[in-house]
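Novice: Below is the structure I would like to discuss, written out as structure tokens.
The values are calculated or read from the model by the stated rules, or taken from the named source; none is laboratory data. Keep in mind that what you see is a predicted model, and the values were worked out from it rather than measured. As a convention, Cβ positions derive from the backbone with ideal geometry for all residues, glycine included, and neighbour counts pool all protein chains shown. Surface accessibility is based on the protein's heavy atoms, side chains included, excluding ligands, DNA and RNA. Shrake-Rupley method; radii C 1.70, N 1.55, O 1.52, S 1.80 Å.
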Amino acid sequence: ITLAQSEKICLDYQNNRELDIVVLRLENVYGIPQNAKQIDNMCAKMCMQALKKGYITVDSKEVTSFLHEKDAVEFIYQFVLHMNNKEGLYNISSSEEINISDLVFIISETVGNSIGKEINIIENSFTK
């Protein structure tokens, strides 16, 4: 089942049962993983790829925004605390977009400097 299908099921259930249901979409939530099992976000995966393989693969045309886990928790808390809207779907992200190529450059510089070697950037030839 896809994310969109799950959201539709929730909203349909809300309409059929006349319940207050809110769907929050959190875009690219990231944090600092404490162990290898927690490497589940784009930033952490890129850092690990740089450390393990010495390069990062990137789609240079992609632009996205990120949301730190502490900001996500604070938003959810404030949303519930001041919940005026008791239904609907909300997209939650930061107001700053970044080109993935720029992010990869920052990661390659940072990781490369910390381990004392250059990290290569490999651009994918496919487009989304």
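Novice: Quick one: if you stick a label point 7 Å off each Cα along the C-beta vector at THR64 and SER101, how many nm between them?
Specialist: My value for the distance between the label points is 1.8 nm.
Novice: Something else: Which of GLN38, LEU26, TYR13 sits farthest toward the positive end of the charge dipole of the range 1-44, with +1 on the Cβ of Lys and Arg and -1 on the Cβ of Asp and Glu?
Specialist: About the Cα centre, the residue reaching furthest to the positive side is GLN38.
Novice: Okay, moving on. State to the nearest 20 debye the size of the charge dipole of the chain about its Cα centre, where the only charges are +1 on K and R beta carbons and -1 on D and E beta carbons.
Specialist: Dipole of the chain, to the nearest 20 debye: 480 debye.
Novice: Multiplying the sequence separation of VAL80 and VAL22 by 0.36 nm and subtracting their Cα-Cα distance, what value in nm do you get?
Specialist: The span from VAL80 to VAL22 would gain 19.9 nm if fully extended.
Novice: Something else now. Looking at this model, which pairs from LYS37/LYS70; LYS70/LYS117; LYS8/LYS53 are more than 29 angstrom apart at the alpha-carbon?
Specialist: With Cα atoms farther than 29 Å apart: LYS70/LYS117; LYS8/LYS53.
Novice: Determine the relative contact order of the chain: mean sequence separation of Cα pairs under 8 Å and six or more apart, normalised by residue count, in whole percent.
Specialist: This gives 34 percent for the chain.
Novice: Here are several values of Cα Rg over 2.2 N^0.38 Å: (1) 1.18; (2) 0.97; (3) 1.33. Which one was derived from the coordinates shown?
Specialist: Only one option fits the structure, namely (3).
Novice: Next question, about the same structure. Relative to a virtual label point 7 Å from the Cα of ASP71 in the Cα→beta-carbon direction, which members of the range 1-31 show backbone nitrogen distances below 13 Å?
Specialist: 26-31
Novice: Rolling a 1.4 angstrom probe over the protein heavy atoms, how many square angstrom per residue are accessible across the chain?
Specialist: Ligands and nucleic acids excluded, the figure is 72 Å² per residue.
Novice: Shifting gears a bit: State the antiparallel share, in %, of DSSP beta bridges confined to the chain, rounding to the nearest 5.
Specialist: 20
Novice: For the pair GLU87/LYS45, report the inter-label distance in nm, with labels modelled 7 Å from Cα in the Cβ direction.
Specialist: The answer from the label model is 3.6 nm.
Novice: Using 1/(1 + (r/R0)^6) with R0 = 35 angstrom and r between the beta carbons of LEU11 and SER114, what's the FRET efficiency to the nearest 0.05?
Specialist: Working from the Cβ atoms, E equals 0.20.
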